[in-house]
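Colleague: Can you read through this structure? Questions will come right after.
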Amino acid sequence: MYEFTIQNMTCGHCAGAVEKAIKAADPDARAKIDLATRTAKVETRLDPAAIAAAIESAGYPSSLTSL
C-alpha cells in the first residue's frame, strides 16, 4: 500500500477526481481518499510513480509519503 499527499485537494469533487484518476490508471486499485488530511492510500500493482503521474495529470500535484 502506498500513501500519497495530495496538494490542492480541497473539496469532495477534488477527492472524487483523484479517485477517478487512480482508477483510470489501475481499475483494480483500492483507494481510500482522506480529504481532511489530503492523503490517498492506494493498494495497487502499479509502480507508485505511475499512480502519482495519474493523480498529477488530473491536476493535483502529489508526493509519495510512505510505502
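Colleague: Placing +1 on the Cβ of each Lys and Arg and -1 on the Cβ of each Asp and Glu in the chain, which of Thr10, Thr65, Ala54 has its Cα farthest towards the positive end of the resulting dipole?
Modeller: Highest projection toward the positive end goes to Thr10.
Colleague: Return the single residue from Ala36, Ala53, Ala21 with maximal mean-square fluctuation; model: Gaussian network over the chain, springs between Cα atoms under 10 Å.
Modeller: Fluctuation is largest for Ala36.
Colleague: Something else now. Contour minus end-to-end for Asp28 and Arg45, with contour as 0.36 nm per residue of separation and end-to-end as the Cα-Cα distance?
Modeller: Once the chain is fully extended between Asp28 and Arg45, it gains 5.3 nm.
Colleague: Just how large is the dipole of the chain about the Cα centre, in debye to the nearest 20, putting +1 at every Lys and Arg Cβ and -1 at every Asp and Glu Cβ?
Modeller: Around 140 debye, computed over the chain.
Colleague: How tilted is helix 48-57 with respect to the longest principal axis of the chain? Cα atoms for both, answer in degrees (0 to 90, nearest 10).
Modeller: That helix lies at roughly 40 degrees to the long axis.
Colleague: Over region 2-66, what is the mean sequence separation of C-alpha contacts under 8 Å (at least six apart), divided by residue count, expressed as relative contact order in percent?
Modeller: Answer for region 2-66 is 48 percent.
A short reminder: the numbers here are calculations on the coordinates, not readings from a lab. Only a predicted model underlies this, so the values are computations on that prediction, with no experimental measurement involved. Every residue, glycine as well, gets a Cβ built from its backbone with ideal geometry; the counts of neighbours run over all protein chains shown.
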